[in-house]
Amino acid sequence: MNVINVTSKNRQEAIEKIIALGGEGIVRCIQCGACASVCPLARTGFTLNCKKLIRLIQTGHWEEMIEDPSTWACVACNRCTEVCPRDVKPSEIIFAYRRFQAMELAISTSATMSQMNLYMKGHAVFSEAAQLRQKVGLPPLPPTTLSDEKALKEVQTLLENSPMAELGLF
Amino acid sequence: MVQVSTNPNIQLLTYSEVEEVSGFVGNFQVKVRKKQAWVDWEKCTGCGECTEKCPVKVPNEFNAGLDHRGAVYIQFPQAVPKKAVIDINNCINCAGRKFGTEPRISKRTGKPILAPCERACPAGAINRSLPLSPEGEVLELKVGTIIVATGFKVMEKDWFKEYAPQHPDVITALQLERLMSATGPTGGKILRPSNQKKPKVISFISCVGSRDAKYHTYCSRVCCMYMIKQARIIKEKYPDIEIYMHFMDVRTPGKDYDEYYTAAIEKGITFLRGKPGGIEVLPDGRLRVMGYDANLDKDIEVDADLVVLATAMEVPEDIKQLAQKLSLSLDASGFFKELHPKLKPVETAVEGVFLAGCCQGPKDIPDTVSQAKGAAAAAAVPLAQGKVTIEPTISEVDPQRCSGCGLCVPLCPYHAISLREYQGKLRAKIEFTQCKGCGVCAAACPSKAIILHGFTDEQIEAQVEALTSCW
Amino acid sequence: MEKIGLFLGCNIPLKAPDIEQSIRKVFPALGVEIVDLVGASCCPAWGTAPSFDIDTWLALSIRNIVLAEEQGVDLMTGCNSCFGVLSEAKHLVDHHPEKRKVVEQKLALIEKQYKGTAQVYHVMHVLYKEIGLDRIAEKVKYTLKQLRVAVQTGCHLLWPSEVMQVKEQNPFYPTMLKELCEALGADAPHYSKLESCCGMGAMRSTDQEKSLSLAKEKLLCMKEEIDPDMIVTTCSSCYLQFDGAQKIFRDRGEIDFSIPVFYYTQLLALCMGFDPSEVAALSQTPREEIISRIQSKARMVKED
């Protein structure tokens, strides 16, 4: 049957978890749809967008979408937050859900790569650039963690002392 | 209004403002400033000749800025009384005719050179030689009861940056109302302000500033119905105009209201559930409303020629000063606060002062009429009875103990306390008709000279004892 | 403002170092010294720490801001995404004492201290507010008169306006970049999708086709409505998207035009007479032709 028995869902638990992960505005959402009308995810037809995700969580659908990659496509443009009439900050709900997915390792391969790069190089987006840089008259390495071991160690220390360290991503 | 103006028992003071209110129920003294109209209203016949000669152009408030009026103007064709006023801040004093100066004499004709408005007036109601006072005139009225009915204003579109407020074809619903009015700037034709052409597609957006944490959290209550009304009138007059209405929810709680809404659907008006988040301005000047259809769960777009924003009802800024003058309090949304939301909806915390209409909260015409009649009846009761019943739990000063320090006077939220002479000394005196028994004065009095009847120290201690004793 | 700390991020130094070079050239020429934030890391990007743990995000971002504080300068990013991450982190920490406490504890692990004295700006803000249109216009050697640009400010410079130090009057109708382009002599007309998203960033790595559909919608809108000679952006992500996506569309035969893309300081550097082989040398959508048109005798308004 294509029916949801909503009484079987634990709505309170879902909302509390999202609040704990940084989405405290979820309780204020009245589903007006302003966020979705300007959301790049909605415009391009992802399964989830901010409004739909919020509704699913509000109705207790907390774990079903864990493998859905839509939230990871959010560009954090924050246009939803700017137009929201209820101060929900929809992008923060998307990120709160991402955090839930991330801590369960429900993330894409490209996202896994970024964490490794961040830890190993201090740069989430990394590619060998010495030639390009020299071509335009710059030193082969930028004055960032890439050329400063102590600085890289600092970044690594912060990452090692975070919940991310327990996920075995780096 | 015409009936009101001709009733011998009603004195109508327009173009006037309340300056000061003192006294109490049955004995209010109200100072009213009749603003200087600069036109002799005894003579003015409201013919409007002067308004046509004035060279000044000021945005016309009555038409919500859609056209212009002169510095001398009659507010609108049905104004009661229909009299001209000069907006002195915008008047340019043509021919050097500042009020209170003698005219120059024409060398050619030997006659005085008058300003166009003076020359135009067939009744001689404008005489700029008179040294009229910009202060106008202050009247002192003695009244028994007061009804506050100061109304509302609507928010301007400029607040809503996401809805292309810079574009002339984005208008407020009040502006549309003027466009639809036979006495409005287009004589009742629906024309786009940008090019004076008939729109093919009109989009309405509801809840603009209402139900919005950034502006007003309340529902303005009237927008859904007036938008449907506007849409239906337009559709009946111009069946070829396509109409789209973007709603957060359609709210039609009233007699025959929902039938009015469903009939609008039958007439081919499209309702879309979902608040638009933006408007794109297309190269040909049309407006692309970025919407969302909650029922389809899809983003939608409407390419409109005219976009109508149902902006929130709100109280004017200066309501705060009026509240101070009347010792009334305002609620969290800025409206006047009634004494009890269910049981005393027209009464206020000040005995003898009543509320009617949108100054108390957003409401439509039927509700306003009902409340106004209720307020009128409530205001008539003490006048007919000639006496009022007051609560027994009010404060009283023992003049023997009072030191006359005056600390209590400014603390009283109801202006009930004043210093009066008692046996040759100044002592606090509480006007018992104004006291509400809040107890602020009793708590603050350093001499313990004020007692709040029913809550004396002995009475409270006795209560505590009774409650804590074993039984 | 005599000097400012340049926060590089990842995309600019590693994927488009000619943008970095253009920033390093134009600011000193306009009287603002560039200070390197030695040892800076990734902001960290939205898809990393901010998607896992708020406190870790804040600690990494604040560490970067502290690098500016330590040198007594404000921080300037060239990348919109970095700007968004750092501004939001600073806003969160500055407005939530409990978050600040957590961040201070984390920074103590690496012997850093946050004072909150450095502001976060974007290249566009410094150019517009601190240097000003007049000073920019004075330095123009080659004018862009008769050239039309499509401006692309980029989302993270617009929203949420709450966290910005420098705000557009209307973030849905931004004008700063338009005015900056006009200061170079260019015509920068409005087009209907002015403030819409290019689709870069997380969307590009999650679903390339959907990401490209946004870029294409916007690109076609620019082409049809204003037919620009070039696209000018203040966002390195938008830059990479429009530059790279056009090549994909052309290779697939989906478009038959090519609009050169510049980061604003690249264009400014060209107008100021800097060497294109340093400031605008790397792109997938060809720029040589427009560059030679810009730096031509006919456009010269000032001798060296």
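Conditions (1) within 30 Å of B:Gly278 (Cα to Cα); (2) of a type in the set (Phe, Trp, Tyr); (3) touching a strand residue (DSSP E or B) at 6+ places or on another chain (Cβ under 7 Å), marked per residue:
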residue: A:Glu82; (1), (2), (3): yes, no, no
residue: A:Arg86; (1), (2), (3): yes, no, no
residue: A:Ile93; (1), (2), (3): yes, no, no
residue: A:Met113; (1), (2), (3): no, no, no
residue: A:Ser127; (1), (2), (3): no, no, no
residue: A:Gln134; (1), (2), (3): no, no, no
residue: A:Thr144; (1), (2), (3): no, no, yes
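From the list C:Phe249, C:Phe262, C:Phe274, C:Phe242, the one residue that fits, being under 30 Å from C:Arg299 (Cα atoms), touching a helix residue (DSSP H, G or I) at 6+ places or on another chain (Cβ under 7 Å) and more than 11 Å from chain A (Cβ to nearest Cβ), is C:Phe242.
Would you confirm, using the coordinates I've provided, whether B:Lys363 is at pLDDT 95 or above and more than 30 Å from B:Ile243 (Cβ to Cβ)? For B:Lys363, the condition - at pLDDT 95 or above and more than 30 Å from B:Ile243 (Cβ to Cβ) - is not met. Within the stretch C:146-178, the set of residues being under 15 Å from C:His122 (Cα atoms), within 11 Å of chain A (Cβ to nearest Cβ) and assigned to a helix (DSSP H, G or I) comprises C:Cys155, C:His156, C:Leu157, C:Ser161, C:Val163. Taking the numbered list (1) buried (at least 24 other Cβ atoms within 10 Å of the Cβ); (2) more than 12 Å from chain B (Cβ to nearest Cβ); (3) outside any helix (DSSP H, G or I) in turn, A:Cys32 passes all entries but (2). With the condition kept exactly as written, say whether any residue in the stretch C:38-60 is at pLDDT 95 or above, over 30 Å from A:Leu105 (Cβ atoms) and of a type in the set (A, V, I, L, M). There is at least one residue in the stretch C:38-60 that is at pLDDT 95 or above, over 30 Å from A:Leu105 (Cβ atoms) and of a type in the set (A, V, I, L, M). What about C:Glu104, is it without any contact (Cβ under 8 Å) to a residue 40 or more places away in the chain, in a helix (DSSP H, G or I) and either under 17 Å from C:Leu8 (Cβ atoms) or not polar (S, T, N, Q) (or both)? Yes, satisfied.
Close Cβ contacts (under 6 Å, 6 or more residues apart or on different chains) running from residues in the stretch C:1-24 that are modelled with pLDDT of 95 or more to residues that are of a type in the set (Phe, Trp, Tyr) comprise C:Ile19/C:Tyr263. The set of residues from the stretch B:263-291 being surrounded by fewer than 14 Cβ atoms within 10 Å (Cβ to Cβ) and not in a loop (DSSP other than H, G, I, E, B) comprises B:Ala263, B:Ile265, B:Glu266.
Give me the helices (runs of 4 or more DSSP H) completely within the stretch B:393-471, filtered to those with at least 3 residues that are more than 21 Å from B:Ser329 (Cβ to Cβ) and not assigned by TED's automatic domain parsing to the domain that holds B:Ser22, ordered by residue number.
Numbers: elements: B:408-411, B:440-444, B:457-468.
Qualifying helices (runs of 4 or more DSSP H): B:457-468.
Assessment of the stretch C:111-126 against the conditions (touching a helix residue (DSSP H, G or I) at 6+ places or on another chain (Cβ under 8 Å), within 11 Å of chain A (Cβ to nearest Cβ) and modelled with pLDDT of 95 or more) yields at least one matching residue.
Residues being among the aromatic types (Phe, Trp, Tyr) and outside any loop (DSSP other than H, G, I, E, B): count how many of those fall in the stretch B:54-98.
From the stretch B:54-98, those among the aromatic types (Phe, Trp, Tyr) are B:62, B:73, B:76; that's our starting set.
Subset that is outside any loop (DSSP other than H, G, I, E, B): B:73.
Looking only at that region, the number is 1.
Within the stretch A:78-123, take every residue that is of a type in the set (Asp, Glu) and under 26 Å from C:Pro160 (Cα atoms) and give me the one that is farthest from the other protein chains (Cβ to nearest Cβ). The selected residue is A:Glu92. Only residues that are at the interface with chain A (Cβ under 7 Å from one of its Cβ atoms) and either crowded, with 24+ Cβ neighbours inside 10 Å or part of a helix (DSSP H, G or I) (or both) were counted across the stretch C:5-27, and they come to 9. Here C:Cys43, C:Cys79 are screened, and the one residue that is in contact with a Cys (Cβ under 9 Å, 6 or more places away or on another chain), closer than 22 Å to C:Leu282 by Cα and among the hydrophobic types (A, V, I, L, M, F, W, C) is C:Cys79.
Taking (1) away from chain A (no Cβ under 13 Å); (2) at pLDDT below 95 in turn, C:Ala188 satisfies each apart from (2). Scanning the stretch A:47-77 for residues that are facing chain C (nearest Cβ under 7 Å) and either crowded, with 24+ Cβ neighbours inside 10 Å or hydrophobic (A, V, I, L, M, F, W, C) (or both) returns A:Trp72, A:Ala73, A:Cys74, A:Val75, A:Ala76, A:Cys77.
Out of all the residues in the stretch C:28-45, is one or more in a strand (DSSP E or B), closer than 30 Å to C:Val102 by Cα and at the interface with another protein chain (Cβ under 7 Å from one of its Cβ atoms)? Write out each step before concluding.
Our first condition is that a residue be in a strand (DSSP E or B); within the stretch C:28-45, this holds for C:33-36, C:40.
Then keep just the ones that are closer than 30 Å to C:Val102 by Cα; that gives C:35-36, C:40.
Okay, now just the ones that are also at the interface with another protein chain (Cβ under 7 Å from one of its Cβ atoms), so C:36, C:40.
Yes: the stretch C:28-45 contains one or more residues that are in a strand (DSSP E or B), closer than 30 Å to C:Val102 by Cα and at the interface with another protein chain (Cβ under 7 Å from one of its Cβ atoms).
Would you call C:Ser81 hydroxyl-bearing (Ser, Thr, Tyr), at the interface with chain A (Cβ under 8 Å from one of its Cβ atoms) and within 18 Å of the chain's Cα centre (by Cα)? When the stated conditions are applied, C:Ser81 passes them.
The values are calculated or read from the model by the stated rules, or taken from the named source; none is laboratory data. Bear in mind that the values here come from a model prediction, so they are computed numbers and not experimental data. Methodologically, a virtual Cβ is constructed for each residue, glycine included, from the backbone with ideal geometry; neighbour enumeration extends over all protein chains shown.
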